[in-house]
Amino acid sequence: MPSLRQLFLSHVAQTSELPLMLEIDKASGMYIYDKDGKRYLDMNSGISVSSLGHCHPNVVSAVQDQVARHMHTMVYGEHIQQAQVKYATLLSQQLDDSLSKVYYVMTGTECVEVAMKLGRRYTGRYEIIAAKNAYHGSTFGAEALRSDHDFSSSFAPGVPGIRHIEFNDEKELSRITEKTACVIVEPVQAESGVNPPKSDYLKALRAKCTAVGALLVLDEIQTGFGRTGYLFAHQKYGIVPDVLLIAKSMGGGMPIGAIVSSGEIMSKITKNPALGHITTFGGHPVSCAAAHAMLDTLLETGLVDLVESKGSYLQTRLEQHPIISEIRRSGLMMGVEVTKRKYLKHVVNRCIENGLIIDYFLFNNKSFRLAPPLIITEEEMKEACAILEEAFDYAEQRYKK
Ligand SMILES: Cc1ncc(COP(=O)(O)O)c(C=O)c1O
């Protein structure tokens with residue numbers, strides 16, 4: 001009888017030749033357990049998904065209640081489903097009045113596809129501007145926003161009309177013109193190794209988009225739902241986007257994403273042509289119920305208010321180690337850079353060996369990612385730091401001789 005591991009390798013497609021191969025048994029709160037009962041402290045949250053930790057009881061109970069009532073009935077926008085309406089209402093109450101319409105999808109990348117379509121349809125323009133070293137998803141439109149041409153050329157030809165600007169460089173804003181349909185950026189760049197915006201960069205970007213009539217689309221797929229210490233990062237940095245994209249932690253562990261905008265902008269997928277974007281499972285009622293429980297819990301517990309002090313504790317402690325050259329951070333979203341690139345692999349592997357999950361970035365080969373669930377306690381932060389510091393020592397020792 002083949003093992004689960006063998007069947008995994010035979011029948012489940014992988015996206016790299018070195019899958020982590022952690023055989024998951026269960027997960028709860030800050031911890032993931034493998035089939036042998038080994039416990040892993042999750043400092044990655046499945047890349048900023050499990051912000052309330054794993055299997056939060058409020059989310060589990062909302063999912064169970066909804067499953068017992070009804071699951072899928074009809075594609076988005078046709079039936080009135082309580083779970084969708086309740087969530088859209090609660091979410092829009094947390095946002096600027098202009099962000100009042102929610103269009104549900106399944107994933108982050110689908111949000112980006114809709115935003116690109118809205119940008120072109122609303123302005124009648126063609127050009128879309130993205131920032132270098134951004135990651136917005138893996139479908140064709142979102143992938144076209146990548147500046148890494150070596151990667152995208154493997155799937156060429158891609159979507160035309162995309163231009164790139166350097167994130168955080170106000171001089172480059174002059175490239176946004178009256179030809180630009182929309183500008184899509186993350187308020188804090190994630191996959192470049194955590195790159196928060198410089199002082200008034202986002203305000204200058206907002207002003208430029210307004211001046212030329214281009215839509216400002218903010219991808220808050222990683223930064224949303226408290227990750228940066230505010231419910232949404234645009235609230236932290238004092239701007240309002242025309243189009244807001246959310247996913248990842250939105251569903252408390254269930255798959256869901258959404259595009260949030262004004263009624264006027266959103267009407268561009270309603271008529272001429274009608275059905276401008278459709279999705280069979282977008283806004284699945286079970287995911288909406290989970291998302292409601294997630295947001296409600298976030299608001300009720302005041303967890304977001306504690307994010308900055310937790311992030312600061314981790315940063316202050318970890319940056320004291322001699323192999324750490326820099327920590328870039330916004331709330332509990334952290335890029336920890338090591339002094340020598342060769343340390344990185346040893347730090348990551350050693351942590352996993354010792355029961356701590358951390359991860360690499362897509363576009364930064366000198367830093368690792370820390371994005372723990374926001375529920376992390378002081379005790380758990382101490383546990384994480386002790387394992388990390390041991391791994392830093394271990395990596396340093398390996399290259400001493
Ligand atoms: C900033 C950002 N945008 C979009 C995406 C794509 O989201 P998904 O993987 O749900 O399609 C990701 C995923 O990592 C992301 O980090």
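Only the coordinates and a few stated rules stand behind these numbers; no lab work does. What you see is a predicted model, and the numbers here were worked out from it, not measured in a lab. Neighbour counts are summed over all protein chains in view; Cβ atoms, including those assigned to glycine, are modelled from backbone coordinates with ideal geometry.
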Take every DSSP beta bridge whose two residues both sit in the chain, then give the antiparallel share in percent to the nearest 5. 60 percent
Going fewest to most other Cβ atoms within 10 Å around each Cβ, T280, T109, T301, T223 line up as T280, T301, T109, T223
When the gyration tensor of region 137-257 is built from Cα positions, what are the square roots of 5 times its three eigenvalues, in whole Å, from largest to smallest? 22, 21, 13
Which of S330, S50, S28 fluctuates most in a GNM of the chain (C-alpha springs under 10 Å)? That residue is S28
Taking 0.36 nm per intervening residue step and subtracting the Cα-Cα distance, what contour gain separates T73 from E264 on full extension? 66.0 nm
Just the Kirkwood number for region 57-301, please: inverse of mean 1/r across all distinct Cα pairs, in Å, one decimal. 18.2 Å
Would you please state which residues of region 167-211 a label at K132 would reach in this model, taking the label point 7 Å out along Cα→Cβ and a backbone N cut-off of under 12 Å? 167-169, 172
List the trypsin sites (Lys or Arg not before Pro) within region 332-363 that DSSP assigns to loop and that have no more than 12 neighbouring Cβ atoms inside 10 Å. K340, R341, K342
Within the set of other residues whose C-beta is less than 13 Å from the C-beta of I357, count the net charge using Lys and Arg as +1 and Asp and Glu as -1. -2
Please arrange V304, V194, V183, V12 by counting, for each residue, the other beta carbons lying within 10 Å of its beta carbon, fewest first. V12, V304, V194, V183
Pairs of alpha-carbon atoms within less than 8 angstrom and 6+ residues apart define the contacts here; what relative contact order does region 1-156 have, in percent? 10 percent
What is the order of H277, H292, H11, fewest Cβ neighbours within 10 Å to most? H11, H277, H292
Between I47 and R398, what FRET efficiency comes out of the Förster formula 1/(1 + (r/R0)^6) with R0 = 30 Å and r the beta carbon distance, rounded to 0.05? 0.65
Suppose R0 equals 41 Å; then what is the FRET efficiency for R317 and I278 from their Cβ-Cβ distance, rounded to the nearest 0.05? 0.25
The chain - mean residue ellipticity at 222 nm from DSSP helices (-39,500 (n - 2.57) per run, n ≥ 4, rounded to 500): -10500 deg cm²/dmol
Taking a threshold of 23 Å on the Cα-Cα distance, which of the pairs K203/K366; K38/K400; K101/K248 fall above it? K203/K366; K38/K400
Given a Förster radius of 22 Å and the C-beta distance between K38 and H11 as r, what FRET efficiency does 1/(1 + (r/R0)^6) yield to the nearest 0.05? 0.35
Could you tell me which of S61, T270, C385 has its Cα farthest along the dipole of the chain towards the positive end, charges placed at Cβ (Lys, Arg +1; Asp, Glu -1), taken about the Cα centre? T270
Compute the relative contact order of the chain as a whole-number percentage, counting only Cα pairs closer than 8 Å that sit 6 or more residues apart in sequence. 22 percent
Given charges at beta-carbon only (K, R positive; D, E negative), |dipole| of the chain in Debye: 780 debye
Global form of region 235-274, assessed from the alpha-carbon gyration tensor, a/c cut-off 1.5: oblate
Cα-projected label distance for T377 with A211, points at 7 Å along beta-carbon direction, nm: 5.2 nm
